[in-house]
1. Assuming R0 = 41 Å, can you tell me the calculated FRET efficiency for the pair residue 76 and residue 44, based on Cβ-Cβ distance, to the nearest 0.05?
2. Quickly estimate the mean residue ellipticity at 222 nm for the chain, helices only: each DSSP H run with n ≥ 4 gives -39500 (n - 2.57), and the total goes over all residues, rounded to 500.
3. Can you compute the FRET efficiency between residue 248 and residue 23 using 1/(1 + (r/R0)^6), with r the Cβ-Cβ distance and R0 = 41 Å? Round to the nearest 0.05.
4. Tell me, what is the percent relative contact order of the chain, built from C-alpha pairs under 8 Å that lie six or more residues apart?
5. Going by C-beta contacts inside 10 Å, put 247, 231 in order with the fewest on the left.
6. Could you work out how far apart the two model spin labels at residue 186 and residue 261 are, taking each label as a point 7 Å from the Cα in the direction of the beta carbon, and quote it in nm?
7. Using a Förster radius of 35 Å, what is the FRET efficiency between residue 194 and residue 153 based on their Cβ-Cβ separation? Nearest 0.05, please.
8. Which whole-angstrom value gives the distance between the alpha carbon centres of the range 15-90 and the range 194-270?
Ligand SMILES: [Fe+2]
Ligand SMILES: [Fe+2]
C-alpha cells in the first residue's frame, strides 16, 4: 500500500478511494495535491464499485429512462435527467479508477493525466447532483443503472479503454451536452444549461486526451480509425460515439482528422 504525504497524492491510493469507498463524499473528494505514481502496485480488476447504500446499481430496466427533449420543459423531468447524468459521471470516475488499478504498468504520464480527468468527473457528478437536488430529486432518490461500468469487463488493455470510453462515451457526449444545453435553455433553465456548457468544454479535452494516447499506443501502421474500431467490443460500435446530431466542430478541436470524422459521421446506427 502506498502512502500519501502532505504534499503529494499517490495515484493508486486515490483510485482505490474513488472506486472502493462506500462514502459518496470520499468518492467525490477533490485531490488538492499533485499526483505521484511511485507505487502503482499490482494489477487488480474490481468487479463492483463501492457505493453508498442509497446508490446501488439497480436491476436491469428498473432505472428511469432519459426524458425526451420536449419533456425537459418540466422541472421534474429535468431533475430525472440530471440524476441520470450524475450517475453517468460517477460511473466515469469509477471506470477511470478501475483502469488505474487494472493497468499499473501503463505509462505514468497517461496515469497522471487520467487521475486529473477523474478530478473533472468528480466535479461533473457534483454539478449534476446539485441540480437534481435543487429540482427535487436528491442523488440516490431514484434507481440508477450500470451501463457504463459494465463495459469494464471488456477492457483487456489501455487501448480497449481508450476506444470504449473517451472515444465512444465521451465522444458521444460532445453531441449530447449540446442537445441538453439547448433543451434546458428552451425551458428557461439557465443554470442547467451552464452545467452542460461547462461539461461540454471539459469533454473536448477528455476526448483529446483519449485520441492522443490512442495515437501513442496504437499498432505501427494502423490508422486512428482502425485502432479505434478494432478495440471496440460489442455492443460498443462507432455509431455509439455520436448523438442524434453530429457536431464536427468540437471533434476538430479535440484533434480528430478529416478521415476519422468522415467515417464517424457516416457510421451506420444498426
Ligand atoms: Fe464528465
Ligand atoms: Fe469526461
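The numbers here are math on the coordinates, done by the rules we state, and not lab data. Just so it is clear, the model here is predicted, and its values are computed rather than measured. Virtual Cβ from ideal backbone geometry, glycine too; neighbours counted across all protein chains shown.
1. Once the sixth-power term is evaluated, E becomes 0.50.
2. Details: 10 runs with 140 residues, N = 270.
Calculated from helices alone, the mean residue ellipticity at 222 nm is -16500 deg cm²/dmol.
3. The computed FRET efficiency comes out at 0.50.
4. Details: 394 pairs, mean separation 49.3, N = 270.
That works out to 18 percent.
5. Least to most surrounded, the residues fall as 247, 231.
6. Here the answer is 2.6 nm between the modelled labels.
7. 0.45
8. So the two Cα centres are separated by 23 Å.
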